[in-house]
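Below is one structure, written out as structure tokens, with a few remarks after it.
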Amino acid sequence: MKKLIAGFTIGVVTGLGLAGAGSAGIVAALMAQGSSATDSAVKIVLENARVRVREVTFPPKVTTAMHTHSLPHVGIVIQGGTLSFRYPDGRTETENLATGGVGYRDANVTHEPTNTGSTPVRVIEVELK
């Protein structure tokens, strides 16, 4: 999976109890974490001095706002699908994510993911502090 599916975010990736929150609550919570996104559900499932683990859900046919991941992270796909990524330079990339797939992404990646499929894509992100 190339560079962790172009860096989930998932910084998105990902307790704040956001799974059922609306876009405004998700944006506020992610901005507090150094990322910004809309329309992706992010739930912190573990955090300590060394890692933050987030469960990120990308709803079908939804574009998440352009954002930057401030931490390096490992992503584990728990429900696969297709995400398309747009980068600030206009470049795009499409990743077909298989359930159970794993990838790594360095810090400071900026992108705008879109779930182009008809089912949610879910990823566990383990951010390294």
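Rundown of residues vs (1) touching a Lys or Arg at 6+ places or on another chain (Cβ under 8 Å); (2) part of a strand (DSSP E or B); (3) at pLDDT below 95, yes/no style:
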| residue | (1), (2), (3) |
| --- | --- |
| MET31 | no, no, yes |
| ASP39 | no, no, yes |
| LYS43 | yes, yes, no |
| LEU46 | yes, yes, no |
| ARG54 | yes, yes, no |
| THR57 | yes, yes, no |
| PRO60 | no, no, no |
| THR68 | no, yes, no |
| ILE78 | yes, yes, no |
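If I ask for residues that are closer than 14 Å to VAL56 by Cβ and either in contact with a His (Cβ under 6 Å, 6 or more places away or on another chain) or not polar (S, T, N, Q) (or both), which ones from the range 102-129 would you list?
GLY103, ARG105, HIS111, PRO113, PRO120, VAL121, ARG122, VAL123, ILE124, GLU125, VAL126, GLU127
Tell me whether the range 91-103 contains one or more residues that are surrounded by fewer than 22 Cβ atoms within 10 Å (Cβ to Cβ), under 13 Å from the mean Cα position of the chain (by Cα), under 12 Å from SER40 (Cβ atoms) and not charged (D, E, K, R).
No, that holds for no residue.
Only residues that are surrounded by fewer than 17 Cβ atoms within 10 Å (Cβ to Cβ) and either touching a Ser or Thr at 6+ places or on another chain (Cβ under 6 Å) or closer than 27 Å to SER118 by Cβ (or both): list them for the range 44-61, please. Let's see the steps before the verdict.
Of all residues in the range 44-61, those surrounded by fewer than 17 Cβ atoms within 10 Å (Cβ to Cβ) come to 45-51, 59-61.
Once the filter is applied, which keeps residues that are surrounded by fewer than 17 Cβ atoms within 10 Å (Cβ to Cβ) and either touching a Ser or Thr at 6+ places or on another chain (Cβ under 6 Å) or closer than 27 Å to SER118 by Cβ (or both), the range 44-61 yields VAL45, PRO59, PRO60, LYS61.
Output the qualifying pairs, or none if there are none: Cβ atoms under 7 angstrom, residues six or more apart or on different chains, first residue in the range 48-74 and closer than 23 Å to PRO88 by Cβ, second residue buried (at least 19 other Cβ atoms within 10 Å of the Cβ) and aromatic (Phe, Trp, Tyr).
Partner pairs satisfying both residue conditions: VAL56/PHE8; THR64/PHE58.
(1) modelled with pLDDT of 95 or more; (2) in contact with a Pro (Cβ under 9 Å, 6 or more places away or on another chain); (3) buried (at least 19 other Cβ atoms within 10 Å of the Cβ): which one isn't true of ILE124, the others all being true?
So ILE124 meets the others, but not (2).
Cβ-Cβ below 9 Å, separation at least six or inter-chain, first residue in the range 117-128 and hydrophobic (A, V, I, L, M, F, W, C), second modelled with pLDDT of 95 or more and not in a strand (DSSP E or B): which pairs?
Here the result reads VAL121/PRO59; VAL121/PRO60; VAL121/GLY80; LEU128/ARG50; LEU128/LEU71; LEU128/PRO72; LEU128/ALA107, each pair linking the range 117-128 to a residue that is modelled with pLDDT of 95 or more and not in a strand (DSSP E or B).
The values are calculated or read from the model by the stated rules, or taken from the named source; none is laboratory data. Values in this document were obtained by computation on a predicted structure and should not be read as measured data. Methodologically, a virtual Cβ is constructed for each residue, glycine included, from the backbone with ideal geometry; neighbour enumeration extends over all protein chains shown.
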